[in-house]
Amino acid sequence: MPEDDPDPSEDAAKARDAKPPPRAKKRRFAPIKIANQIPMRRRREIEKALGEVGASPTKWSRKVGGSKNHNFLRKRIKPGTIRHLEYDLLDVEIGESWPVPVSVIHGSRPGPVVTLLGAIHGDELVGPLALTYLCGPNFMGDDRVIDASVLAGTIRIMPIVNLPGYRMMMRDFPDDRDLNRCFPGNPDSNTTSRVANRLWEQLISSSDYVIDLHAAAKGRTNIPQIRANLAHASSNRIARAFGIETILDSQGPRGSLRRVANDKDIACITYEGGGADEADPESVQIAMYGIINLLRSLRMLPGYPSKPRFRILASGSVWIRSDQGGLIDVLAPAGSFVEEGEIVATITDPELPGVQHDVMSPIQGLLISSATHPFVNSGSPIGHLLPVKRGVSTLKRRLDDEGCLIISGSDGDPPWREDEDIEDIAVFGEWSGGSPDAEWGPAGSGDEEEDY
Ligand SMILES: [Zn+2]
């Protein structure tokens, strides 16, 4: 980051000073409106899940004291303490064990276990930065936002899971496998599968909540967004608690941490922001706010979580594709709200100077992802669009001068508001190819289809 850029940790530091609520909270778990656009079957699944949330909001007690030691990696961590440890990704006596840092913040009060993970993909740097800032002196320690003496429960932070890949600036592990397709792993199988199994057994299976931080794969960028299976009750709850506008309802690909965790009834969501090989300060800051929001919503930290003015709950999308080949100039970047027929990019061909082709949006909606690599062929995806039909005026009130969505947490500490005051905007449809990223196809170095 250049020195003249604002330090995202400074802005996010304001999160320490939570504003008091404008009025007393009526209900801890307000009923959530579900718009009619979501397909009926999915609507029933989500409503059933939300019923479960209301029935059993917490299973831990809130009394002062009474927290026991937290046992992790054969260490006993005392209540009210913070330990910075090393975790070996491989269990070996000789050779490379790939030690990675892990911080354990064990609260003085009993509560849930939350695990925060960055860089399961080694070239996605937003997660490592956000988690490193959260572990730094501005955020962690006595009288800071994460203070073990007031924390209820336990936070385990692994800022950079795929350290071997990170050192080579690569998404995958050194055996060319994607860790996020190998869960729950196998201790007798290939290298990446052994890493997955060890993480699963020692870190994930003992977690109540898991937040997995990602960025778009090479060649594209994402606006900050949450991906969650909204029909999984506790995942639905923390997806909303993160406090940002865009939530994509999807299960996650086979072997992904999120999908496998949900299958074992562990709450898990994915945060996506920015792109690989970049350290977008806004995506970092929003991730930090989101995590603090989530911990406050779970009543692990004092203070009131901030909430967005509206949430887009999307079950499908529309793709903007190039009909020509050449080099693109993106006019409407990710985050833009575009009208039907609006020019989102132009294409020129250096082999045919003087000819320009416009790419137009087929529909009105919010661009949640756009290409950053300029080379396109006919059929290449250029943008990924949520076709917003309801709540348009609400959404337009949160656009900046360039027509881009101002995401909650990007413009300073967002306000607290009642859950009933949040407008839920459902976006109907399906994920082409079966999942949010499927249509991007191969990106950069690998043959992956998905960002997370
Ligand atoms: Zn990823």
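The values are calculated or read from the model by the stated rules, or taken from the named source; none is laboratory data. In this text, all values refer to a predicted model and were calculated from it rather than measured experimentally. For neighbour counting, all protein chains shown are included, and Cβ atoms are generated from backbone atoms with ideal geometry for every residue, glycine included. When the accessible area is computed, the model is the full protein with side chains, heavy atoms only, and any ligands, DNA or RNA have been set aside. Shrake-Rupley method; radii C 1.70, N 1.55, O 1.52, S 1.80 Å.
Brief remarks on what is shown
- Test: residue in segment 248-256 that is modelled with pLDDT under 95 and among the polar types (S, T, N, Q): yes
- Out of Arg240, Arg258, Arg254, sole residue that is within 12 Å of the chain's Cα centre (by Cα) and within 16 Å of the ligand (Cβ to nearest atom): Arg258
- Residue among Gly303, Gly316, Gly275 that is over 17 Å from Thr115 (Cα atoms) and within 16 Å of the ligand (Cβ to nearest atom): Gly275
- Residue match in segment 273-295 (condition: crowded, with 23+ Cβ neighbours inside 10 Å, of a type in the set (Ser, Thr, Tyr) and outside any helix (DSSP H, G or I)): no
- Among the residues of segment 373-386, the ones that are open to solvent by 80 Å² or more (accessible area, probe 1.4 Å) and either in a loop (DSSP other than H, G, I, E, B) or of a type in the set (Val, Ile, Thr) (or both) come to 3 in all.
- Residue in segment 299-309 that is open to solvent by 10 Å² or more (accessible area, probe 1.4 Å) and not in a loop (DSSP other than H, G, I, E, B) present: no
- Selection over segment 203-228 of residues that are away from the ligand (no atom under 16 Å from the Cβ) and open to solvent by 20 Å² or more (accessible area, probe 1.4 Å) gives a count of 3.
- When Asp451, Asp401 are checked against the criterion of being modelled with pLDDT under 90, in a loop (DSSP other than H, G, I, E, B) and either open to solvent by 60 Å² or more (accessible area, probe 1.4 Å) or closer than 29 Å to Glu278 by Cα (or both), a single residue qualifies: Asp451.
- Members of segment 148-168 that are within 14 Å of the ligand (Cβ to nearest atom) and in contact (Cβ under 8 Å) with a residue 60 or more places away in the chain: Ile160, Val161
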